[in-house]
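What follows is one structure encoded as structure tokens, with my remarks underneath.
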Amino acid sequence: MTSPNASATPRALGAPPGKTIDLEQLRPILPQLIDSLSDAVVVVDRAQRVVAANRRYLEAFGLNRADLVGSACKDVLHCPEVTSGPGPNRCAACDVIEQRRPQRRLRSLPDATGAQRRWEASFNPILDPGGEVSHIVEVWRDITDRSELESQLSHGERLASLGMLAAGVAHEINNPLASVMAGIESLSRWMKRCRLEAAAAAEAAEVLAVIEQEITRCRETTDKLMLLAQPYSVAPSWVRLNQAARDTVSLLRFQMRKQGVEVVEELDPDLPEIWAKETGMRAVCMNLMMNAVHAMPAGGTLRVVTAGRESSVALTVEDTGPGIAPQHLDRIWDPFFTTKPMGQGTGLGLSITQRIVSRHGGTIRVENLPGRGARFVVELPIRGSGGPDA
């Protein structure tokens, strides 16, 4: 019931002027209102003790309300800030108390299942009549899916730019290569008309053959660069997985020589073609092989194996690096999870690879090799769907 004293009850947010709301009517359902929020909410007082938390917060971080309320926030909350001093780990709640204005943070924290999630947290002050902060309302929003989508869009834009650059470079290189090839053909005809000594003619012919062979290699490289210019959403077709693996090894060969990594290719000559998106298959090969090469900065062996099954094919990528820590085996598929130093990895490669494989109706698994190293095994159906978004 609306209070007759309009000044004693605040106007409802968004209500027309003159319309007020009796907060006493809302008091009985306030806990249900807070619990119904999709964001995780926790309230901390000035002494930094937990006053309340909604259901979403408890479920998201695997906490118990009875153990949470009344405890010091630094002891029970899943918060990465560990100090009230200056620096990147400064407590956001401390900043709110001192500055009396809201704070915002982006954090990567594990949820109740242990999966790493991306959170956008806002810390909002509640002021007492004296203008001091009495409580801080923390609102944690899970933005993992949104961040992943933004990263994929950004990655897609970079790939599109790279594809345009690759197409331009390939075109500019192919033109002079064509001229050189035409020159070789002219020289070959000239040599046939001239009377050269047998030894000199043989030597000249050998030099021209080597130049022609190297030009062919350059053209093969530019053809592979042109593949980067293809739209990512190319329609499914019959794909030669062996060719995708060979091309990937070829593109990584320079980096492998630089690091002292040897490659062993064991490709099934009778491997059947599979119905898939070629760009997706090449992305799978590139992500797995690049990860393997990065795992061997001081050298090692990359082993790439393909094998045909009754109604599927298998791709195996092995390295002789340090392997994967047991506690990380279940987390390497999580978006943004990476063990690489800051700035050297996005943590999206394996997540995207798993999604591509799964949308093609396949499976991917990882295991540590005896001794050291890791093995990734991808199995794909011969007649797969091609994946709607793979």
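Per-structure values
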item: Output for the stretch 88-121, where each listed residue is surrounded by fewer than 14 Cβ atoms within 10 Å (Cβ to Cβ) and under 21 Å from residue 62 (Cβ atoms); result: 112, 113, 114
item: Filter result for the condition that a residue is small (Gly, Ala, Ser), out of contact with any Cys (no Cβ under 6 Å at 6 or more places or on another chain), at pLDDT 90 or above and open to solvent by 30 Å² or more (accessible area, probe 1.4 Å), over 314, 298; result: 298
item: Positions within the stretch 72-126 being at pLDDT below 85, assigned to a strand (DSSP E or B) and under 24 Å from the mean Cα position of the chain (by Cα), in sequence order; result: 105, 106, 107, 108, 109, 110, 116, 117, 118, 119
item: Number of the condition not met by residue 198 [criteria: (1) of a type in the set (A, V, I, L, M, F, W, C); (2) at pLDDT below 80; (3) loosely packed, with under 14 Cβ neighbours inside 10 Å]; result: (2)
item: Index of the failed condition, residue 230 passing every other in (1) at pLDDT 85 or above; (2) of a type in the set (S, T, N, Q); (3) within 17 Å of residue 279 (Cα to Cα); result: (1)
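Yes or no, residue by residue, for (1) basic (Lys, Arg); (2) open to solvent by 60 Å² or more (accessible area, probe 1.4 Å); (3) in contact (Cβ under 8 Å) with a residue 60 or more places away in the chain; (4) more than 16 Å from residue 320 (Cβ to Cβ):
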site	(1), (2), (3), (4)
248	no, no, no, yes
268	no, no, no, yes
271	no, no, no, yes
280	no, no, yes, yes
288	no, no, yes, no
294	no, yes, no, no
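The values are calculated or read from the model by the stated rules, or taken from the named source; none is laboratory data. In this text, all values refer to a predicted model and were calculated from it rather than measured experimentally. Because the Cβ atoms are built from the backbone with ideal geometry, glycine has one as well, and the counts that use them run over all protein chains shown. We work out accessible area using only protein heavy atoms, side chains counted, and drop any ligands, DNA or RNA first. Shrake-Rupley method; radii C 1.70, N 1.55, O 1.52, S 1.80 Å.
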